[in-house]
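Worksheet for the structure shown next.
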Amino acid sequence: MAAQLFNRLGQLGLGLAVVGGVVNSALYNVDGGHRAVIFDRFSGIKKYVVGEGTHFFIPWVQKPIIFDIRSRPRNVPVVTGSKDLQNVNITLRILFRPKPDQLPRIYSIIGIDYDDRVLPSITTEVLKAVVAQFDAGELITQRELVSQKVSEDLVERSSQFGLILDDISITHLTFGKEFTQAVELKQVAQQEAERARFLVERAEQQKQAAVISAEGDAQAALMLAKSFGEAGEGLVELRRIEAAEDIAYQLSRSRNITYLPSGQNILMNLPATA
């Protein structure tokens with residue numbers, strides 16, 4: 001009896017283990033921020049999308065394909081040409097995610113590596129088309145407008161493949177070596193032109209100052225000649241007295257001046273020479 005009981009328990013345990021293994025093989029989990037698409041060997045890709053949680057599927061007949069629907073960043077570098085035929089190195093940073101209801105179509109047409117197949121090609125296409133509308137200088141001065149046009153065109157283009165672009169930004173923008181050297185030479189030339197214009201303006205101002213000074217001297221000379229004609233030698237004597245007063249005033253303020261009495265021989269106490 002005991003042997004039969006143990007035998008039955010062993011068979012029951014084995015049966016439970018087999019059933020548990022079968023059930024476990026028919027379960028799959030969809031984590032948060034993910035969705036699943038079911039591939040059926042007989043009917044192909046199912047049109048519905050499986051949400052988060054634990055779900056059943058038919059082993060061997062069905063296969064779940066898990067997609068990450070959270071936003072992910074990607075940098076796409078592109079080398080293109082501007083309107084004035086300058087080489088432009090530009091890098092675009094894109095935050096993208098797939099549309100959940102478009103996952104069956106994305107998997108059927110593009111595949112699970114849709115970002116590697118779609119984003120580089122459409123980004124290059126849009127950037128080449130937009131950058132070709134601007135000169136090299138305009139790409140710098142009108143960067144916001146360029147970024148706006150790139151975003152609008154790229155969002156419209158990516159929607160055709162079932163993608164959502166949450167953010168698009170230009171992170172890197174440089175030009176070819178020839179253009180960089182040309183810009184540096186232009187800046188040097190502008191600085192030299194500004195310096196030359198300053199020198200010309202200063203010379204013109206000095207010239208005008210000299211003319212004004214000469215005109216003032218001429219008017220002063222005319223006024224003096226007129227005064228001499230009217231006052232005669234009296235004006236000259238008045239100027240001489242004023243000059244003498246000014247000299248006496250300046251000498252009185254100096255400490256190195258010694259006043260000598262007039263009409264006396266200050267050398268009287270010196271011994272006479274033989």
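The values are calculated or read from the model by the stated rules, or taken from the named source; none is laboratory data. What you see is a predicted model, and the numbers here were worked out from it, not measured in a lab. Neighbour counts are summed over all protein chains in view; Cβ atoms, including those assigned to glycine, are modelled from backbone coordinates with ideal geometry. For the accessible areas, the whole protein counts, side chains as well, though only heavy atoms, and no ligand, DNA or RNA atoms are used. Shrake-Rupley method; radii C 1.70, N 1.55, O 1.52, S 1.80 Å.
Within a straight-line Cα-Cα reach of under 24 Å, Lys177 can be paired with the following lysines, leaving aside sequence neighbours fewer than 8 residues apart in one chain: Lys83, Lys128, Lys186. If you take every residue apart from Asp31 with its C-beta less than 11 Å away from the C-beta of Asp31, what net charge results, scoring Lys and Arg +1 and Asp and Glu -1? Computed value for this residue: 0.
Spin-label model, Phe42 to Glu152: label points 7 Å out along the Cα-to-beta-carbon direction sit 5.2 nm apart. Please report the net charge: other residues with Cβ closer than 15 Å to the Cβ of Ile90, K and R +1, D and E -1. Residues near Ile90 contribute +1 overall.
How do Phe56, Phe134 rank by accessible surface area computed with a 1.4 Å probe, from largest to smallest? Could you put the intermediate results ahead of the total?
On the way: Phe56 150, Phe134 15 Å².
Per-residue accessible area, sorted high to low, gives Phe56, Phe134.
Within the range 121-150, list the residues whose amide N lies under 19 Å from a label point set 7 Å along Cα→Cβ of Lys83. Correct set: 126-150.
How large a share of the accessible area of the range 44-153, in percent, is made up of carbon and sulfur atoms when the probe is 1.4 Å and the other protein chains stay in place?
Percent of accessible area from carbon and sulfur atoms in the range 44-153: 52.
Taking 26 Å as the straight-line reach from the Cα of Lys47, the lysines in range (excluding those fewer than 8 positions away in the same chain) are Lys63, Lys99. In this label model, Thr141 and Ile65 are separated by 5.0 nm, measuring between points 7 Å along each Cα→Cβ vector. First select every other residue whose beta carbon is under 13 angstrom from the beta carbon of Ile110; then total the charges, Lys and Arg +1, Asp and Glu -1. Summing Lys/Arg as +1 and Asp/Glu as -1 gives 0.
Annotation for Arg195 and Ile212: the two label points, set 7 Å from Cα along the Cα-Cβ direction, are 2.9 nm apart. Accessible area ranking (1.4 Å probe, heavy atoms, ligands and nucleic acids excluded), largest first, for Tyr107, Tyr114: Tyr107, Tyr114.
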